[in-house]
Amino acid sequence: MLQTVRVCSVRNFNTVRPSHLVFARPNTPPITPRRTFVAMPGHPTLIKPPPPSKNKSAIEDVLELTSLSDIEPNLFTNTRPLWHPPGARGIYGGAAIAQCLAAAQRTVPENFTVHSMHCYFVLNGNSEVPIVYHVEHVREGRSFCTRTVQARQRGQPIFTTTLSFMREGAGGKKEISHAHPMSKDLPPPGENDEGDATRSGDSPFISQRVQILNNDSPDLHTKRSRQWIRARGRISDEGGYQAHCSALAYMSDSYFIGTVARAHKLWRYRTDKKGPNGGQFNMSPQTIRELKAKGEEKLRETGVDDDVITQLRGLDVNEKDEVVFTQEQRPEIGMMVSLDHSIYFHNPRSFRADEWLFTESETPWSGDGRGLVMQRMYTKEGLLVASCVQEGVVRLRQDTPPSKL
């Protein structure tokens, strides 16, 4: 006769599924739990998600973690399903960045604050499969401590990061200080909450594009891709400054590697019906009709930059529901994915992610199918709170199928 032994940490034991059970014969030694979780189709979380919070912002719900401490004190999983942007290859990369940070923050003393994290995107994340985050304690120092976090799905690493935390006041009373200033004469963010009309309304943050600086310059490294960004709603006091750091990490991936495409004025929206969701960015005939119907002024108000508007002018939809180019077609992106992502937090306890932040990105180099982008993030008052660096694959659409990563 066989008996069942539960090996999964859950809030509600009624939600345990057969994949969480191991069978053992009576009077045999206890079975050591394995750390590989098998998810059933249609279950993007290990545990049934609770209802949406009434006193938290949308981004707090998105980034909420569940501790699996009954199995391992440094093990966590996503509490709620993760966002898969329309047409993207996998989950939004900012979710993995932010949840790894959130997991690591729960393993350090309260007086230690994150100052840097260095991440690698390994595989596309599947929004239909739970993610398990394992935090490793690399170093426990007096002034600094180090953590590595690995995100896994079906036993395979999809994302890995190393984070460093610094004890408050460890720099001493005497210190050096300087910062790159925020651009002047910026248009203020709009009062509406619509955000970019080309982005899904399911996003837990709002992005309003600012026109590209030096957009017509032949020196591509001088161009600046800019936006106002903030989390929707108000982040609760319960989350502390850590919730704002995680939210900033989540938003830091917004339009980041796309800076390279903007600098080169590449066509960024697939218009054919090949691939998942009708193309890499799902620019379907219906989407084109809706955007053109809004009018250019309305698109600008919702943060769509002039480069995208110019590209829309060169498109039309014929009576056969086919997208046709009415102007000379620009080079088109065949593949654009992030490879790595670094964040340096400068003032992690001095900003709110639910208030407007200004971001400015530039690309110093591209070549060999890759591009490099650097980004600065400021409060509305001009305080530099973070600097970010990202490299990604930026390949043009070829006449022959591109090689896989």
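Bear in mind these aren't lab numbers, they're just calculated from the coordinates by the rules spelled out. Computed from a prediction, not measured in an experiment: that's the story for all the values here. Cβ: placed from backbone, ideal geometry, glycine included. Neighbour counts: every protein chain shown.
If we count every other residue with Cβ under 9 angstrom of MET336's Cβ, Lys/Arg +1 and Asp/Glu -1, where does the sum land?
Here the charged neighbours net out to +2.
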I need the GluC sites (Glu not before Pro) found in region 60-113, filtered to DSSP loop residues with at most 16 other beta carbons within 10 Å of theirs.
GLU110
At 0.36 nm per residue, and after removing the present C-alpha to C-alpha distance, how many nm does the segment from HIS221 to SER116 gain when stretched out fully?
35.3 nm
Which of the lysines could be linked to LYS48 by a straight reach, that is with a Cα gap under 27 Å, when you skip same-chain ones fewer than 8 residues away?
LYS56
Check the straight Cα-Cα distances from LYS320 and name the lysines below 16 Å, setting aside those fewer than 8 residues away within the same chain.
LYS273
Ordered by number, the trypsin sites (Lys or Arg not before Pro) in region 97-203 that occupy a DSSP loop and have at most 10 other Cβ atoms within 10 Å are ARG142, LYS173, LYS174, LYS184
Which is farthest toward the positive dipole end of region 205-396 among SER366, GLN286, VAL324, measuring Cα position about the Cα centre, with Cβ charges +1 (Lys, Arg) and -1 (Asp, Glu)?
GLN286
Of TRP356, PRO218, GLY314, which is farthest along the charge dipole of region 205-396 in the positive direction, counting Lys and Arg as +1 and Asp and Glu as -1 at C-beta?
TRP356
Of all GluC sites (Glu not before Pro) in region 337-405, which ones are in loop regions per DSSP and have a Cβ with at most 11 other Cβ atoms within 10 Å?
GLU381
